[in-house]
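Chemist: Right, I'll just put the structure down here and ask away after.
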Amino acid sequence: MQLSLTQLLLTTVMLRQGLTSLRLRMGTNSTPKPFFRPPLNLHTIINLRVMHLIDVDDVSVLKSLGLALQASAQLEQLSIWADHQSQLSVDTLFKQWHEPAPFRLRSLDIRGFFDIGTSAKRFWAAIPPTKLRELTLQLGPHFLMQDSADFWDASIQAELRPAQLASNLGATGLQDFLMSFSGLEAFQLLPSDMPRPMEPMRALMNALESHHFASLRVLGLSPFRCEARYMLDVSNLTFLVGALPNIEEFRFSLPGFNAELIETALLLPRLRVVQIDPVHDDSRMQSRFSKFILHLLHKGVARNLTYIAFDDADVREIFRDPIHMSNKISLVGYVDGTVLLKEKALDWVRPYF
């Protein structure tokens, strides 16, 4: 059998007993197969505790990864970001498993997949969430409303109790899930263009207030839906400021420039990070947001604000004495000391901006 050099290298490296962390980008736009898409042929126990794989775009690689996971009893953190154009299904990972995973994850990050491909009950039976503290789940538009409702119901039955939760599955069932436990520290309703209905914003905020008031510090509400009941208007945001005053990091979407809404958001007394997602792409909007926020800072609003981010791109740091924004632009995903602006899967990258 012909093996690529990358396949031999990866298999050899992963078998090293001292290796505990693997971060790998599996594909690039210009590299032909199979050089950066090697199956991981493993036949022994490996000691990995952390595995982050980005740009997975091949079914055979995903199947081989499933076999590798069966040999990873020590695994604690797993991130798999699929290429959304590949239309991969999550269940390809564990279709060949005859028993649950040998590991108990603390962190699971699944993005870019077409759908789960099986029932939510089967998903949690394969990857038991008994120790799971951080969950990110971002699926494609073919994961239907009933699938989403079933997922949250199965998550309650599996006793999923995360401290950090990020998902674009905002359909019926999410509110009930949020009310099934307490202690959530970070919650993000991720941007989505899914056609299914979603829980109204006020219903989600009520659930967060009633069950997670004491613990919640990070909140993202960016559904990218233009219907009024799915958007944060001034009334809902005023309610949020009073109901969840301990929020330190806040992400929200805007259909256009709204001075009253921005000023209301900045009334959160402990706010350190704000991330704004403009629904409509307008290069002039970022400058307008920045100028208005600086105007509010000079008025004494948001005294703890440290970072402003726009969409999933630019991050500006705020300095005091005098109040101004840094000319140096960072990128979302690389800002230490934050939840909204930091991605664990990108820890191996050391950017220079």
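The values are calculated or read from the model by the stated rules, or taken from the named source; none is laboratory data. Predicted model only: the values in this text are computed from it and were never measured. Cβ placement follows ideal geometry from the backbone for every residue including glycine, while neighbour counts extend to all protein chains displayed.
Chemist: Is it the case that ALA345 is within 19 Å of GLY220 (Cβ to Cβ) and touching a strand residue (DSSP E or B) at 6+ places or on another chain (Cβ under 7 Å)?
Modeler: Details: within 19 Å of GLY220 (Cβ to Cβ): yes; touching a strand residue (DSSP E or B) at 6+ places or on another chain (Cβ under 7 Å): yes.
Yes.
Chemist: Could you list all residues from the range 120-144 that are part of a helix (DSSP H, G or I) and of a type outside the set (Gly, Ala, Ser)?
Modeler: As a first pass, look at the range 120-144 and keep what is part of a helix (DSSP H, G or I): 120-126.
Listed by number, the residues that qualify are LYS121, ARG122, PHE123, TRP124.
Chemist: Taking only the range 285-301 into account, find how many residues are surrounded by 12 or more Cβ atoms within 10 Å (Cβ to Cβ) and either farther than 23 Å from ARG270 by Cβ or touching a residue at least 60 places away in the same chain (Cβ under 8 Å) (or both). Show your work before the answer.
Modeler: At the first step, the residues of the range 285-301 found to be surrounded by 12 or more Cβ atoms within 10 Å (Cβ to Cβ) are 285-286, 288-290, 292-297, 301.
Narrowing further to those that are either farther than 23 Å from ARG270 by Cβ or touching a residue at least 60 places away in the same chain (Cβ under 8 Å) (or both): 285-286, 288.
The number of residues fulfilling the criteria is 3.
Chemist: Give me the pairs: first residue in the range 61-83 and over 14 Å from LYS344 (Cβ atoms), second residue of a type in the set (D, E, K, R) and modelled with pLDDT of 85 or more, beta-carbon distance under 6 Å, and six or more apart or on different chains, which are they?
Modeler: Close Cβ pairs (under 6 Å, with a partner that is of a type in the set (D, E, K, R) and modelled with pLDDT of 85 or more) amount to GLN74/ARG49; ASP83/ASP55; ASP83/ASP57.
Chemist: Which of the residues belonging to the range 92-115 are within 19 Å of the chain's Cα centre (by Cα) and within 23 Å of ALA163 (Cβ to Cβ)?
Modeler: Keep residues of the range 92-115 that are within 19 Å of the chain's Cα centre (by Cα), which gives 105-115.
Selection gives LEU105, ARG106, SER107, LEU108, ASP109, ILE110, ARG111.
Chemist: Moving on to the next point. Filter the range 145-171 down to the residues that are in a loop (DSSP other than H, G, I, E, B) and not small (Gly, Ala, Ser) and list them by number. Let's see the steps before the verdict.
Modeler: So the first thing to find is which residues in the range 145-171 are in a loop (DSSP other than H, G, I, E, B), and the list is 158-163, 168-171.
GLU159, LEU160, ARG161, PRO162, ASN168, LEU169 - these are the residues of the range 145-171 that are in a loop (DSSP other than H, G, I, E, B) and not small (Gly, Ala, Ser).
Chemist: Also, I was wondering about something else. Criterion first (of a type in the set (Lys, Arg) and modelled with pLDDT of 85 or more) does ARG284 satisfy it? If you could, list the steps in order and put the result at the bottom.
Modeler: Working: of a type in the set (Lys, Arg): yes; modelled with pLDDT of 85 or more: no.
So ARG284 fails the test.
Chemist: Please go through the range 302-353 and give me each residue that is part of a loop (DSSP other than H, G, I, E, B), in contact (Cβ under 8 Å) with a residue 60 or more places away in the chain and more than 16 Å from PHE250 (Cβ to Cβ), ordered by number.
Modeler: ASP347, TRP348
Chemist: All but one of (1) outside any strand (DSSP E or B); (2) at pLDDT below 95 hold for GLY112, so report the exception by its number.
Modeler: (1)
Chemist: Can I ask one more? So GLU248 ticks every box in (1) over 20 Å from the mean Cα position of the chain (by Cα); (2) farther than 19 Å from PHE292 by Cα but one. Which box is left unticked?
Modeler: Result: GLU248 passes all but (1).
Chemist: Any chance the range 82-97 includes a residue that's out of contact with any Pro (no Cβ under 8 Å at 6 or more places or on another chain), modelled with pLDDT of 85 or more and on the phi > 0 side of the Ramachandran plot?
Modeler: Looking for residues that are out of contact with any Pro (no Cβ under 8 Å at 6 or more places or on another chain), modelled with pLDDT of 85 or more and on the phi > 0 side of the Ramachandran plot, one finds at least one in the range 82-97, hence yes.
Chemist: Within the range 302-322, track down each residue that is surrounded by 15 or more Cβ atoms within 10 Å (Cβ to Cβ) and either more than 24 Å from the chain's Cα centre (by Cα) or of a type in the set (S, T, N, Q) (or both).
Modeler: ALA302, THR306, ILE318
Chemist: Is there a residue in the range 314-321 that is among the aliphatic types (A, V, I, L, M) and within 15 Å of ILE276 (Cβ to Cβ)? Let's see the steps before the verdict.
Modeler: Taking the range 314-321 first, the residues among the aliphatic types (A, V, I, L, M) are 315, 318.
Subset that is within 15 Å of ILE276 (Cβ to Cβ): 315, 318.
Scanning the range 314-321 turns up at least one residue that is among the aliphatic types (A, V, I, L, M) and within 15 Å of ILE276 (Cβ to Cβ).
Chemist: Has the range 129-139 got any residue that is at pLDDT below 90, crowded, with 19+ Cβ neighbours inside 10 Å and among the hydroxyl-bearing types (Ser, Thr, Tyr)? Give the derivation first.
Modeler: Step one: of the range 129-139, the residues at pLDDT below 90 are 139.
Keeping just the survivors that are crowded, with 19+ Cβ neighbours inside 10 Å gives 139.
Still in the running and among the hydroxyl-bearing types (Ser, Thr, Tyr): none.
No: the range 129-139 contains no residue that is at pLDDT below 90, crowded, with 19+ Cβ neighbours inside 10 Å and among the hydroxyl-bearing types (Ser, Thr, Tyr).
Chemist: Among the residues of the range 71-91, count how many are in a loop (DSSP other than H, G, I, E, B) and closer than 18 Å to ASP58 by Cβ. Steps first, please.
Modeler: We begin by selecting, within the range 71-91, every residue in a loop (DSSP other than H, G, I, E, B); these are 71-76, 83, 87-88.
Narrowing the set further to residues that are closer than 18 Å to ASP58 by Cβ leaves 83, 87-88.
Number of matching residues: 3.
Chemist: Read through the list (1) small (Gly, Ala, Ser); (2) part of a loop (DSSP other than H, G, I, E, B); (3) at pLDDT below 90, then give the number of the only condition that SER64 fails.
Modeler: Here SER64 clears every test but (2).
Chemist: Filter the range 69-91 for residues that are crowded, with 16+ Cβ neighbours inside 10 Å and farther than 20 Å from SER167 by Cβ and give the result.
Modeler: Hits for the range 69-91 are LEU69, GLN70, ALA71, SER72, LEU75, GLU76, SER86.
Chemist: Additional query: Give the number of residues within the range 214-243 that are part of a loop (DSSP other than H, G, I, E, B), surrounded by fewer than 19 Cβ atoms within 10 Å (Cβ to Cβ), among the hydrophobic types (A, V, I, L, M, F, W, C) and at pLDDT 95 or above.
Modeler: Result for the range 214-243: 1.
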